[in-house]
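Student: Sharing a structure, written as structure tokens. Questions coming.
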């Protein structure tokens with residue numbers, strides 16, 4: 001008969017098995033809590049064709065969740081489903097001076113998700129300063145991953161300081177003044193009141 005595994009090794013094996021099992025549980029629990037059915041449902045309710053009150057409620061749910069909704073919003077950045085024109089079709093309309101009326105523009109769910117994140121972190125700046133935003137749809141995923149333990153206020157300060165540093169590097173005096181005031185608002189807790197759909 002083959003000898004059994006030495007008894008002293010059994011507690012060690014049980015400990016290792018338990019540690020691995022607990023690690024997997026923590027990871028799966030973290031992923032589940034980050035992307036909840038409530039946030040997924042709210043994101044789907046940003047779609048074109050939903051009644052305005054449903055869209056407004058969905059935006060409120062995602063905005064009130066602050067950074068807790070960011071993983072779900074980032075997950076949908078490439079979502080091409082048409083989004084509500086009423087709430088997301090006004091912010092970045094660009095028309096040539098001779099174009100009357102403005103050609104229709106159809107926002108997508110992915111763009112709506114990014115706009116919610118940017119409104120929470122940076123606010124909705126006047127068009128003259130939007131080229132100085134820190135966040136873009138292309139960098140927000142990586143930006144968030146490296147800062148996901150930070151509070152919303154610290155994220156706002158981080159993004160604002162980055163924008164200000166870039167403006168100083170370019171020597172844009174007017175933008176520097178705007179961003180200095182923006183940082184004062186962040187530090188005093190007044191950021192970011194503009195919300196979705198400003199001009």
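Student: Is it fair to say residue 77 is outside the structural domain of residue 142 (by TED's automatic domain parsing), buried (at least 20 other Cβ atoms within 10 Å of the Cβ) and in contact (Cβ under 8 Å) with a residue 24 or more places away in the chain? Talk me through it step by step, then tell me what you get.
Tutor: Details: outside the structural domain of residue 142 (by TED's automatic domain parsing): yes; buried (at least 20 other Cβ atoms within 10 Å of the Cβ): no; in contact (Cβ under 8 Å) with a residue 24 or more places away in the chain: yes.
Considered against the rule, which asks whether it is outside the structural domain of residue 142 (by TED's automatic domain parsing), buried (at least 20 other Cβ atoms within 10 Å of the Cβ) and in contact (Cβ under 8 Å) with a residue 24 or more places away in the chain, residue 77 comes out as no.
Student: Say we look at the range 120-149 and pick out the residues that are in contact (Cβ under 8 Å) with a residue 40 or more places away in the chain and closer than 17 Å to residue 74 by Cα; which of these is surrounded by the most Cβ atoms within 10 Å (Cβ to Cβ)?
Tutor: Per the stated criteria, the residue is 121.
Student: Then there's this: Look at the range 44-63 and say how many of its residues are in a helix (DSSP H, G or I) and surrounded by fewer than 19 Cβ atoms within 10 Å (Cβ to Cβ).
Tutor: So the count comes out to 9.
The values are calculated or read from the model by the stated rules, or taken from the named source; none is laboratory data. What you are looking at is a predicted structure, and each value in this text was computed from that prediction instead of being measured. A quick note on method: Cβ atoms are made from the backbone with ideal geometry, for glycine too, and the neighbour counts reach across all protein chains shown.
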